[in-house]
Amino acid sequence: MKQRIGFLMGAAAVIFLNGCQREQAMILQSPDGNVSVQFILEDGKPFYAVRLEGETLLEPSPLGLVRADGDFTGSLKPISISRLERITDEYTMPHGKQSRIRYQANRRVITLENPQKQRMEIVFQVSNDGAAFRYQFPESGEQTSMEREATGFAFPRETVSWLHPMHDSKTGWEKTYPSYESHYEIEKPVGRPSPFAAGWAFPALFRVGRTGWVLLSESGVYETYCGCRLGRDSEGGLYRIAFPQADEHRGPQDPVAPAVRLPFASPWRLVIVGRGLETIVQSNLATDVAEESKVKDTSFIKPGRAAWSWLRYDTAGTELPVLRKFLDLAADMGWEYMLVDADWDRILGYDRVAELSKEAQNRGVELILWYNSNGDWNNAPPTPKNRMHLPDVRREEFKRISEMGIRGIKVDFFGGDKQATMQLYREILKDAAEYNLVVNFHGATLPRGWQRTWPNMVTTEAVMGMEYCTFDQRNADRQPEHACVLPFTRNVVAPMDFTPVVMSRRIRGVRRVTTPAFELALPVIFESGVQHFGLAPFEAEQLPDFALEYLKNVPAAWDRTRFVAGYPGKEVVLARQKGAHWYVAAVNGENKTKTLSPDLSFLPKGCSGLLIKDGPDDTLLSQTIHERPDSAQTFQVPPYGGFVLHVSAN
Ligand code: CA
């Protein structure tokens, strides 16, 4: 018989030992009692399992880490379990899907010891929307490295997945991958290998049984660790944490294994769970466990909307006459920002950008400037480059542009998740905050709770965004389905700069397959602290007044987000609230007409609203709703169509 040692602990912190002390289990429940995590030590190996209302979502799954100076994956003995602790945290976010957040969890810390008498603590926090856990090493003073993490996620048979393949390092355009820019593989059985050796990117969505949902991700990854992913292989449905590839960032110069000094706490592993998709979409777990804001005065962090010429015109969009047209658009629309993209230093130069910045500010618009992140880790030619990776140069640059009245930066092409890259992200955010600059990362990694810790990070790409729909017809063909996956995956855990809203039927020769109302719904469906619109000035001129009015008013930051209806890859209906305003938006990911009857009884009583929907022949229609839209309201949504309903409480 295998020796099975663990701890069984209920709310009353009772330790249960069977007769021969061979079998123990620890169970930690969420405040509402629905989510439970079981910790098991079997033959000295640590495991955990996750259940929701009694249904197994994760079977016993491996835990542990291998340090350069000690192995914590086996031969462990239990030392102690902390008392049950109830954690409550309240915080506000200047942007994001919810402005005021309250986190409640039950917490326990399990202390284990290896034969060398080195100790590892595993911290579990279980909230109503899932489990978060991390490893801690309490000894002090030693410098070591983390060689490998054994953490896994073992799904029951019959589980299906929505997974984002992680591109291999130093592939893609000018060797800029990995950049979290691929389509999800939709509703596939677990156990299939990733098409790439690099594995699968976070976040990863799973459906267990008919109604059990799991979203895996990580949070609290800072300069002390690398960004992780799920490894390529998942035989039997067991997915494992994997480290970056050896040639990411500067290759062999930067070690894969994070260098750490003890005491040390690892990033959080997140297992977001829900019965149905509401809990997944509305979860704030990624920010709940992230470190609190390090930016003391956040008054410069203004969420907003931005005009952006590059999507339509590439670097020709950086010519002054084109930028002036986009500035007119931003000013007319009351948008807060305009993004000046690649090669501005060569095409315009600093002096003319300074003049443009002044001109923009006089019209209530602030500028965001593009930068290439490198360094020598990619071959991407766009400039300015070599201004971001050296601390002195970067700070000098930030000083210079902040004196020009520039409000933000977009930094592109990072191509890696090693500790060295995490350090670069952190240093950019820290220095930018000092110069009151907001930051948008592109060609970038998934933000892992950073929007809370460094709220000047207003958005990040880390998505196969609208630009890809302009590069290749195959991507445009998949846009509707892709848009119906992102609200359940990527956008759950961090702001996402998809750059939505293109109204022309063709862009760069590629035919857009979505309807006009689908495009107009996206600024509500996709959350981004700065929403960069793909809309060109000539497209805006052709829009009906009600659509322009909507684009003038649609918020970029929300008090509250509600999942209303939908299924990943098929359709999605979301509602977001800002003050007295509710926006209910829907997009249809499939090539067939749908009749949607979402329950809208949560809308304020006695409200009036405007519904924007698809008309015949690629047009937009509006309809005023005077009565309270109730659950009897039905919406006809054409193939790849959508609608958006703006309701304000009277
Ligand atoms: Ca990109």
Subject >> About the Cα centre, charge dipole magnitude for the chain (Lys/Arg +1, Asp/Glu -1 at Cβ), debye >> reply: 1000
Original post:
In straight Cα distance, which aspartates and glutamates are under 15 Å from LYS578, not counting same-chain residues fewer than 8 positions off?
Top reply: GLU527, ASP559
Original post:
Quick one: accessible area per residue over the chain, 1.4 Å probe, rounded to a whole number of Å²?
Top reply: 36
**OP:** Sort all Cα-Cα distances of region 14-288 into consecutive 10 angstrom bins from zero, then give the percent of pairs in each bin up to the one containing the longest distance.
**Re:** 6, 28, 35, 25, 5, 0, 0
Original post:
Across region 458-472, in residue order, what do the Karplus-derived ³J(HN,Hα) couplings come to in whole Hz, using 6.51 cos²θ - 1.76 cosθ + 1.60 with θ = phi - 60° and x for Gly and Pro?
Top reply: 7, 6, 7, 6, 6, 7, 6, x, 4, 4, 5, 6, 9, 8, 8
Original post:
Using Cα atoms only, what is the angle between the long axis of helix 320-333 and the major principal axis of the chain, expressed in degrees (0 to 90) to the nearest 10?
Top reply: 80
Subject >> Built amide H within the under 5 Å cut-off of LEU57, gap 5+ >> reply: VAL50, ARG51, LEU52
**OP:** Among DSSP beta bridges whose residues both lie in the chain, state the antiparallel percentage, nearest 5.
**Re:** 85
**OP:** Please determine, in degrees from 0 to 90 and to the nearest 10, the orientation of helix 391-403 with respect to the longest principal axis defined by the Cα atoms of the chain, where the helix direction is its Cα long axis.
**Re:** 40
Original post:
Carbon and sulfur: what percent of the chain's accessible surface (1.4 Å probe)?
Top reply: 46
Original post:
From the residues PRO195, THR56, TRP162, which one has its Cα farthest along the dipole of region 14-288 in the positive direction, the dipole being from +1 and -1 charges on Cβ of Lys/Arg and Asp/Glu about the Cα centre?
Top reply: THR56
Original post:
How about LYS77: which lysines have a C-alpha closer than 30 Å to its C-alpha, ignoring those fewer than 8 places off in the same chain?
Top reply: LYS2, LYS45, LYS117
Subject >> Cα-based helix-to-principal-axis angle, 473-483 vs the chain, degrees rounded to 10 >> reply: 60
Original post:
VAL439's amide H: which non-local residues (gap 5+, or another chain) put their own amide H closer than 5 Å, with H modeled 1.01 Å from N in plane and none for Pro or chain starts?
Top reply: ILE409, MET457, VAL458, THR459
Original post:
So, in Å, what gap is there between the alpha-carbon centers of region 354-415 and region 174-242?
Top reply: 32
**OP:** For region 422-486 and region 512-540, write down the distance between their C-alpha centroids in whole Å.
**Re:** 16
Original post:
For the chain, what does -39500 (n - 2.57) per DSSP helix run (n ≥ 4), summed and divided by total residues, give at 222 nm, in deg cm²/dmol to the nearest 500?
Top reply: -5000 deg cm²/dmol
Original post:
With θ set to phi - 60° and the Karplus curve 6.51 cos²θ - 1.76 cosθ + 1.60, what are the ³J(HN,Hα) couplings of region 507-522 in order, to the nearest whole Hz, using x for Gly and Pro?
Top reply: 9, 6, x, 9, 8, 6, 9, 7, 8, x, 6, 4, 4, 5, 6, 4
Original post:
Per 20 Å bin, what is the whole-percent P(r) computed from every C-alpha pair distance within the chain?
Top reply: 19, 53, 25, 3, 0
**OP:** Starting from the Cα of LYS170, draw a straight line to each of the lysines and keep only those under 17 Å, dropping any in the same chain fewer than 8 residues away.
**Re:** LYS418
Original post:
Which value in Å does the Kirkwood hydrodynamic radius of region 331-374 take, with 1/r averaged over all unlike C-alpha pairs and then inverted?
Top reply: 11.0
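The values are calculated or read from the model by the stated rules, or taken from the named source; none is laboratory data. Since we're looking at a predicted model, the values are computed, not measured. Every residue, glycine among them, receives a Cβ derived from its backbone with ideal geometry; neighbour counts consider all protein chains shown. To get the accessible areas, we keep the full protein, side chains included, count just its heavy atoms, and leave off ligands, DNA and RNA. Shrake-Rupley method; radii C 1.70, N 1.55, O 1.52, S 1.80 Å.
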